[in-house]
Amino acid sequence: MAEIVIVDSKRSAGELVAASVRRLIEAKADTVLGLATGSTPLPVYAALAESFRRNPLDVSGVRGFALDEYVGLARGHFESYREVISREVIQPLGLTPNRIHVPNGAAETLQGAGADYERSIEAAGGVDLQLLGIGRTGHLGFNEPGSSFASLTRVKTLAPASRADNARFFATPEEVPRHCITQGLGTIRRARHLVLLAFGAEKASAIAAAVEGPVTASQPGSAIQLHEHVTVVLDEEAAAELANLDFYRYSWANKPAWQGI
Ligand code: PGA
């Protein structure tokens with residue numbers, strides 16, 4: 001079962017996860033992080049940046065792989081995930097740019113880009129800790145409902161609901177690309193530790209389906225139930241539809257401090 005942690009704020013969520021990432025890097029200088037974009041992981045990046053500011057750590061060896069990228073945005077487009085990762089992760093954390101990878105969404109070289117990405121992850125020894133958000137559709141990365149649990153990095157079509165959700169980042173909804181290249185659920189499941197975060201009432205049903213629903217490709221988030229080490233960090237609103245909430249609170253409250261997440 002995934003470990004469910006309910007926190008009182010996004011800030012607490014960020015601090016909890018950042019502490020775990022920091023411990024990982026302290027133990028393994030070339031830690032491989034799985035990076036997510038979107039609003040959800042921002043408190044983690046903010047807390048990590050703050051931690052490195054207060055107590056500097058050599059992060060020059062850290063490697064990273066983003067979950068996904070839009071297809072066909074011009075190189076350097078402000079909303080391409082390459083740029084987002086650079087702005088929100090690489091720069092504030094002081095990571096080494098050429099050690100941080102984002103799937104290549106250039107239309108001309110799309111064929112083979114998925115397999116190339118898989119090879120790079122494998123060559124790095126796999127992802128140690130994968131940060132994840134979840135979409136209202138239940139997607140992980142851009143694996144929309146119906147995605148195979150065995151899928152690897154490949155080109156996919158964004159669900160209309162996901163395009164609509166991401167329209168807030170673009171000048172007009174029409175500009176949101178229709179296609180993306182995303183790590184598959186099979187890729188994500190190979191990471192050694194999954195850390196799924198969700199905030200707000202609009203994520204509550206996707207979280208309930210992921211954590212407690214049947215394991216089904218119709219709910220991509222439910223792929224976490226097939227993984228041996230998953231931490232789900234939620235605020236009260238995102239946790240609101242979980243049936244076993246009392247037990248999750250009890251387990252967390254009684255967890256030995258040394259265990260970490
Ligand atoms: P969000 O997106 O973090 O911006 O809510 C999550 C997702 O779509 O996976």
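The values are calculated or read from the model by the stated rules, or taken from the named source; none is laboratory data. The structure presented is a predicted model; accordingly, all values stated were derived computationally and were not measured. Quick reminder, even Gly has a Cβ in these numbers, built from the backbone with ideal geometry, and neighbours come from all protein chains shown. Surface accessibility is based on the protein's heavy atoms, side chains included, excluding ligands, DNA and RNA. Shrake-Rupley method; radii C 1.70, N 1.55, O 1.52, S 1.80 Å.
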Gaussian network model of the chain, springs between alpha carbon atoms under 10 Å - residue of GLU174, GLU69, GLU26 with greatest fluctuation
GLU174
Around GLN219, under 14 Å between beta carbons, what's the net of Lys plus Arg minus Asp minus Glu among the other residues?
-1
Compute the accessible area per residue over the chain, keeping the other protein chains in place, probe 1.4 Å, unit Å².
45
Going by accessible area, probe 1.4 Å, with all protein chains left in place, what is the ranking of ARG99, ARG54, ARG190, largest first?
ARG54, ARG190, ARG99
Name the most mobile residue of TYR70, TYR248, TYR117, meaning the one with the largest mean-square fluctuation, in a Gaussian network model of the chain with Cα contacts below 10 Å.
TYR248
Let me check I have the definition right: for the range 16-139, take the eigenvalues of the Cα gyration tensor, multiply each by 5, take square roots. What are those semi-axes in whole Å, largest first?
24, 16, 14
Principal axes of the chain: Cα extent on each, largest first, Å:
53, 41, 34
Overall form of the range 69-142 per C-alpha gyration tensor (a/c, 1.5; a/b vs b/c)
rounded
Summed side-chain charge close to GLU202 - residues other than GLU202 whose Cβ falls under 10 Å, Lys, Arg +1, Asp, Glu -1
0
Going toward the positive end of the dipole of the chain, with +1 on Lys and Arg Cβ and -1 on Asp and Glu Cβ, which of VAL5, THR182, VAL215 do you reach last?
THR182
With each pseudo-label sitting 7 Å past Cα toward Cβ, what's the GLU174-THR109 distance in nm, one decimal?
3.1
